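Notes to accompany the following structure.
The values are calculated or read from the model by the stated rules, or taken from the named source; none is laboratory data. These numbers were taken from a predicted model, which means no experiment stands behind them. Here Cβ is always computed from backbone atoms with ideal geometry, including for glycine, and neighbour counts include all displayed protein chains. With ligands, DNA and RNA removed, areas are computed over all heavy atoms of the protein, side chains included. Shrake-Rupley method; radii C 1.70, N 1.55, O 1.52, S 1.80 Å.
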Amino acid sequence: MTSIDPAFATFLVGLPKAELHVHIEGTLEPETIFRLAARNGVALAYESVEALRAAYAFTDLQSFLDIYYAGASVLLTAEDFADMGRAYLARAAADGVIRAEIFFDPQTHTARGVAMATVIEGLTRALDEARAGGMSCDLILCFLRHLSEEDAFATLRAALPFRDAFIGVGLDSSEVGHPPEKFARVFAEARALGLHVVAHAGEEGPPDYIVQALDLLGAERIDHGVRCLEDADLVARLARERVPLTVCPFSNVKLRVCDRLEDHPLRRMLEAGLAVTINSDDPAYFGGQIGANYVQTCAALGLDRAAAARIARTSLEASFVDAATKAGFLARLDAHLAATAGA
Ligand code: HPA
Ligand code: ZN
């Protein structure tokens with residue numbers, strides 16, 4: 001691994017930043033999975049924390065998702081969801097996150113008989129506490145793309161009594177074979193409700209899925225999007241339209257989208273003029289939170305303070321907040337840069 005200057009690491013972790021691509025279910029640490037399993041009397045297929053952790057040797061997205069959904073099975077009560085949210089938000093704040101837009105997968109829970117109200121009320125409890133402590137945060141409801149359009153419609157309707165508890169919708173789970181077009185009508189309904197739209201595309205799926213997410217879903221940001229580099233016209237469009245890409249370097253290495261951090265396309269994406277951000281995706285499974293993603297990715301790719309500051313700035317600019325709030329975020333970033341200049 002590339003050696004890292006401690007002062008540079010401190011600078012990167014302290015950079016005021018937004019996390020725009022984190023699945024709350026992917027923040028459940030193995031110790032928490034075991035604690036909640038015991039609290040709720042849920043049987044796990046693994047004997048110990050160590051055995052569970054040892055199973056985190058993924059070969060692709062699906063091999064991860066199978067374990068990720070199993071881990072989420074310990075979540076039953078609103079307090080479970082609140083505990084998970086609180087733990088993530090505390091860690092994020094310690095990594096310089098001043099704005100978090102957090103994905104949750106309601107179908108993973110409603111399919112097990114957990115009510116939509118339980119999921120949303122629990123998560124909202126944690127977010128409200130974090131807001132009281134000065135964090136800016138919101139939820140984005142994700143549809144599982146391996147399930148049907150009908151199931152997605154039912155999920156959106158079940159969430160409508162809680163319309164004020166989330167700001168947008170997204171699309172995640174097994175990508176290949178489940179193109180964005182499958183959900184065009186669901187996303188049209190979400191847009192009509194005034195919800196923001198994001199979608200995972202171009203992680204394992206082809207560049208055309210990114211085009212579909214933009215043109216058929218109305219996506220305002222693309223989650224991952226790394227495979228855009230295979231299509232020069234698409235890269236030009238994403239750069240021209242400044243479509244934010246929520247890139248997750250540790251995730252891409254763990255799920256074998258690329259071999260090593262040193263080979264990650266993030267640097268090439270920046271050089272192509274793309275609006276790149278750095279995010280953790282599923283930090284409990286992929287070896288580190290957003291701060292570690294910044295530190296190790298910048299070290300591995302030789303990105304300097306200016307490049308990292310640009311990435312953090314892009315993350316704040318790409319967040320779904322009003323103009324005055326955004327200006328306040330950018331002022332905090334500028335103050336941090338001024339205070340650390342020459343340090
Ligand atoms: N891709 C698709 N679905 C997911 C991911 C991801 O990286 N993480 C959690 N669900
Ligand atoms: Zn993701």
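Quick notes on this one:
- Approximate spin-label separation ALA272-ARG256, in nm, with each point projected 7 Å along Cα-to-Cβ: 2.4
- For a straight C-alpha distance cut-off of 12 angstrom, the aspartates and glutamates reachable from LYS17 (same-chain residues fewer than eight places away being disregarded) are ASP95, GLU101, GLU317, ASP334.
- Accessible area, probe 1.4 Å, largest first, for residues LEU28, LEU76: LEU76, LEU28
- Other-chain or far-sequence residues with amide H under 5 Å of LEU139's (modelled H): ILE102, ILE167
- Cα gyration tensor, the chain - rounded (a/c under 1.5), prolate or oblate: rounded
- Heavy-atom accessible area, probed at 1.4 angstrom with all protein chains present, ranks GLU50, GLU220 as GLU50, GLU220, highest first.
- Surface analysis of the stretch 25-162 yields an accessible area of 38 Å² per residue, using protein heavy atoms and a 1.4 Å probe.
- A straight line joining the Cα centroids of the stretch 114-146 and the stretch 168-236 runs 22 Å.
- Among LEU216, LEU15, ALA72 - extreme Cα towards positive end, dipole of the chain, charges at beta-carbon: LEU15
- Carbon-plus-sulfur accessible fraction, the stretch 149-301 (probe radius 1.4 Å, protein heavy atoms only): 48%.
- A probe of 1.4 angstrom, applied to the heavy atoms of all protein chains, finds GLU204 with accessible area near 60 square angstrom.
- Average accessible surface area per residue within the stretch 254-316, 1.4 Å rolling probe, Å²: 33
- Whole-percent carbon and sulfur share, accessible surface of the stretch 20-131, 1.4 Å: 56
- Across the stretch 200-343, the mean sequence separation of Cα contacts (distance under 8 Å, 6 or more residues apart), normalised by length, yields a relative contact order of 17 percent.
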